[in-house]
Amino acid sequence: MDWKAEIDAAAARIKGHVVETPVMISDRLWDRPVELKLEQVQHTGSFKARGAFNTLLSQEVPSGGVVAASGGNHGAAVAFAAQALGHHARIFVPEIAGPAKIALIERTGADLTVVPGEYADALDMAQRYEAEQAAMQIHAYDAVPTVAGQGTLMREWEAQGLQADTVLVAVGGGGLIAGALAWTQGARKIVAVEPMSCNALHAAMEAGKPVDVPVSGVAANALGARRIGSICFDLAQRHNTEVALVPDGAILQAQKDLWYAHRQLVEPAGAAALAALQWGAYVPQPDERVAVLVCGGNIAPDPLTA
């Protein structure tokens, strides 16, 4: 597949529908300057709007509308994009999505079903709905339009002057890092970061194939995929992608540091990549230039909810 062409087309398609998110250099988060891309200011608070808009704008939406399963961020993005483009959306989320993300989806006007269990349980129900209602499924991470849409983030960052040799990216189901790998094609080192308590890519790389993993921890409602996507796994294998694992405590500390140093309010998943650098799960060479992708800002509980 010509991923560069797919991502170029996606960027043209979604232009005007998504935010060009800012970048900054920080000298307060680590022992030397690190570049950040602040994707938590994207529509609905995460990078997911990119893949959602690309999917809806690249395909004909059936009369049954669209359906998506999500830990929260993807569902909010699909609901937002569907509303913007005039389509009906039905979103299934697990209970662990939490009240803040559930409320975010509800504000879009989408039909929402909260499912007992975790993301995989919500996906099962979404797939049944897809078959029964002839709706279009927008997969959270394991579909070409989704990955191409997420790949526009790295394309955009490079156009903004990214200088880093290495970019750290948090991984759940793998759509975001798959997009980064698909765009860079080995020209930069992309390091995957996962919580120790939900590490689908690490387990797949160890096993040589995607396998089921247990899901828990502070970032489970964003990074808690039970099994890594096949697109991500194939790209990660091809580029021999390194995976760094971080404990919940390091993630929570990075989350606090982003707030105290720069008043950037992010959810645990959004701080996971920084945690790998601070905690030492990834140790760069002395002259290695490093960048961190801050991917989500839907903190729970919502700090402005009365």
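Rounded to the nearest 10 degrees, what's the angle between the helix 48-58 long axis and the longest principal axis of the chain, both from Cα atoms, 0 to 90?
Approximately 50 degrees, to the nearest 10.
In percent, what relative contact order does the chain have, based on Cα pairs under 8 Å that are 6 or more apart in sequence? Can you show the working numbers first?
Details: 702 pairs, mean separation 61.9, N = 306.
With pairs under 8 Å counted, the relative contact order is 20 percent.
Kindly put Lys37, Lys48, Lys101 in sequence by how many other C-beta atoms sit within 10 Å of each C-beta, fewest to most. Provide the component values of the computation, followed by the final result.
On the way: Lys37 22, Lys48 34, Lys101 29.
Ascending number of Cβ neighbours within 10 Å: Lys37, Lys101, Lys48.
Any chance you could give the angle, 0 to 90 degrees and rounded to 10, that helix 268-279 forms with the longest Cα principal axis of the chain?
With both axes taken from Cα atoms, the answer is about 20 degrees.
Can you tell me which lysines have their Cα less than 21 Å from the Cα of Lys256? Leave out same-chain residues fewer than eight positions away.
Lys37, Lys101
Please report the Cα spread of region 32-153 along all three principal axes, rounded to whole Å, starting with the longest.
On the principal axes, region 32-153 reaches 54, 31, 25 Å in Cα extent.
Between (1) 17.4; (2) 14.3; (3) 20.1, which matches mean projected area of the Cα convex hull in nm² calculated for the structure shown?
Derived directly from the coordinates: (2).
Below 29 Å, Cα to Cα, which lysines can Lys209 reach? Residues fewer than 8 away in the same chain don't count.
Lys4, Lys48, Lys189
Under the rule of -39500 (n - 2.57) per DSSP H run of 4 or more residues, summed and divided by the residues of the chain, what mean residue ellipticity at 222 nm is obtained, to the nearest 500 deg cm²/dmol?
One gets -13500 deg cm²/dmol as the mean residue ellipticity at 222 nm.
May I ask you to order 245-251, 215-221 by the average number of other C-beta atoms within 10 Å around their residues, highest value first? It would help to have the intermediate numbers written out before the result.
Working: 245-251: 20.7, 215-221: 23.3.
The peptides rank, most packed first, as 215-221, 245-251.
Here, each number is a calculation from the coordinates, and none is a lab measurement. Everything numeric in this text was worked out from a predicted model, so none of it was measured. Reconstructed Cβ throughout: ideal geometry from the backbone, glycine too, with neighbour counts over all protein chains shown.
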